[in-house]
Amino acid sequence: MRFRNTDTVHGHRHGFKSACSTVNNYIIRKGFALIVFSLLIPAFAWTQTLPPQEIQSYTFARKAFEDKLYDITIREGQNYLDKFPQGQLKDRVLYLIGLALYHQGKLSEALLSWQQLKKDYPKSPLYPAALYRLGQVYFELEKYSLAIPEFEQLWQKGETSWKEPALFLIARSCQRDGNYQKAAENFKQLLNLA
């Protein structure tokens, strides 16, 4: 017997990933790479305006993340936050810490980092990515009523490249939350965008 609904067979994390793999590919193609690029801009871009210690601290955490050393990323990111509470790279560090925690499966802790970025840095280039990640984690935790507002905010305030993925995830969250009418309306609106 074959199961078509992988969500009930493999659990909610896989369900999100399988349901949204197309969306994730779309995001990568349509601009998510720009968000990641802004996170990974080489340190020399800031050498004219930032103290060398701040650049070094951020760069160390970033390189640890690139090497998938998530414990070190979190530790060094926290060291950056402690040493530079008003640092110019704080939004990037919060996003990095959230990603590292996410990769470790510490979803509730990752939420805290991205919530702080959302609250403190609404003008950050990483703001849309933080909204997406917040919605993603709420979706994975099956807290659809919390995921929907994050995706709606991404839909309203995100750049063009975020519009279609956000609308898809709003519809998918509504569907999972049992609000089939709203899900159908959002899926229809998504089709009209295509």
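Listing for the model above:
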| quantity | calculated |
| --- | --- |
| When residues of segment 117-127 are limited to those that are assigned to a helix (DSSP H, G or I) and under 13 Å from the mean Cα position of the chain (by Cα), the one nearest to residue 143 (Cα to Cα) | 118 |
| Residue within segment 147-154 that is within 25 Å of residue 71 (Cα to Cα) and under 11 Å from the mean Cα position of the chain (by Cα) present | no |
| Filter result for residue 172 (in contact (Cβ under 8 Å) with a residue 12 or more places away in the chain, closer than 20 Å to residue 65 by Cβ and in a helix (DSSP H, G or I)) | no |
| Members of segment 64-101 that are over 26 Å from residue 135 (Cα atoms), part of a helix (DSSP H, G or I) and open to solvent by 80 Å² or more (accessible area, probe 1.4 Å) | 82, 83 |
| Counted residues, segment 116-151 - those being open to solvent by 10 Å² or more (accessible area, probe 1.4 Å) and among the hydrophobic types (A, V, I, L, M, F, W, C) | 3 |
| Residue that is surrounded by the most Cβ atoms within 10 Å (Cβ to Cβ) [pool: residues in segment 158-169 that are under 22 Å from residue 96 (Cβ atoms) and either touching a residue at least 40 places away in the same chain (Cβ under 8 Å) or basic (Lys, Arg) (or both)] | 165 |
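The values are calculated or read from the model by the stated rules, or taken from the named source; none is laboratory data. Since the structure is predicted, the reported quantities are computational estimates derived from the model, not experimental observations. Here Cβ is always computed from backbone atoms with ideal geometry, including for glycine, and neighbour counts include all displayed protein chains. SASA here: full protein model, heavy atoms, side chains in, ligands and nucleic acids out. Shrake-Rupley method; radii C 1.70, N 1.55, O 1.52, S 1.80 Å.
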